[in-house]
Amino acid sequence: NITFDCIVNNAGVYLDREVALVDLDLDILKQTLEVNLYAPILLIQGLFSNLNDGAQVINLSSSYARLSKMRGNSAAYRISKVGLNAVTKILSSELKSKNIKVNSVCPGLVKTEMGGESAIRSVEEGIQDLVSLILNDHNYNGIFIRDGKEITW
């Protein structure tokens, strides 16, 4: 049996850039939810029995999912990442007794195909929190992290 110390849910799509909710094509919402929300749930379910004691699940989310900062446009992307943050909170509670930590990380606007030309962070800058969670012993569980600090949901 192959076992794992960490699951990183990094896949994502952003198909409705700056599209208003009233104009959102429901097929775009469905595609976005399938990749950004359903796929991480399925991966966690599929690998759960292979997680080592003390393992962690790290979900790459977005500041676009912060309810405390929510605004209009890009609704499919925002909704999918809010859902992923809910998965983080639910799993962090459910898996706590199994010593598995679950957190969300916001890498910021990274210079990738998704981030586009206006991105301000390099890939190396964008993965710093992810790498820190993987390599360092920490007590974080059920939180949202950006730039090494907990941020509000």
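The values are calculated or read from the model by the stated rules, or taken from the named source; none is laboratory data. These numbers come from a predicted model, not from an experiment. Surface accessibility is based on the protein's heavy atoms, side chains included, excluding ligands, DNA and RNA. Shrake-Rupley method; radii C 1.70, N 1.55, O 1.52, S 1.80 Å.
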Seminar exercise, completed: Taking 90, 7 and ranking on accessible area (1.4 Å, protein atoms only), highest first, one gets 90, 7
Problem set entry | Given 69/149; 89/149; 30/98, the pairs whose alpha carbons are separated by over 28 Å | 30/98
For this session: Please give the contour-minus-distance gain from residue 52 to residue 93: 0.36 nm per residue of separation, less the Cα-Cα distance, rounded to one decimal in nm.
Result: 13.0 nm
For this session: Skip the ligands, DNA and RNA, and give the accessible area per residue of region 25-108 with a 1.4 Å probe, whole Å².
Result: 46
Seminar exercise, completed: Karplus-derived 3J(HN,Hα) from phi for region 48-55 (6.51 cos²θ - 1.76 cosθ + 1.60, θ = phi - 60°), whole Hz, x at Gly and Pro, runs 3, 5, 9, 7, 6, 4, x, 5
Seminar exercise, completed: Expected unfolding gain across residue 38-residue 18 under the 0.36 nm per residue rule, minus the alpha-carbon gap, is 4.9 nm
Problem set entry | 66, 146, ranked by accessible area, largest first (probe 1.4 Å) | 146, 66
Problem set entry | P(r) histogram, all alpha-carbon pairs of the chain included - 10 Å bins from 0, percent | 11, 40, 35, 12, 1
Exercise. With all protein chains present, how much of the accessible area of region 58-153 (probe radius 1.4 Å) comes from carbon and sulfur, to the nearest whole percent?
Worked result: 53
For this session: Taking all protein chains together and a probe of 1.4 Å, list 53, 147 from the most accessible to the least accessible.
Result: 53, 147
Exercise. Over the heavy atoms of residue 125, what accessible area does a 1.4 Å probe trace out, to the nearest 10 Å²?
Worked result: 90
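How many times 2.2 N^0.38 Å is the alpha carbon radius of gyration of region 5-90? Walk me through the numbers before you get to the answer.
Details: Rg = 13.8 Å, N = 86, 2.2 N^0.38 = 12.0 Å.
Cα-based Rg divided by the globular estimate yields 1.16.
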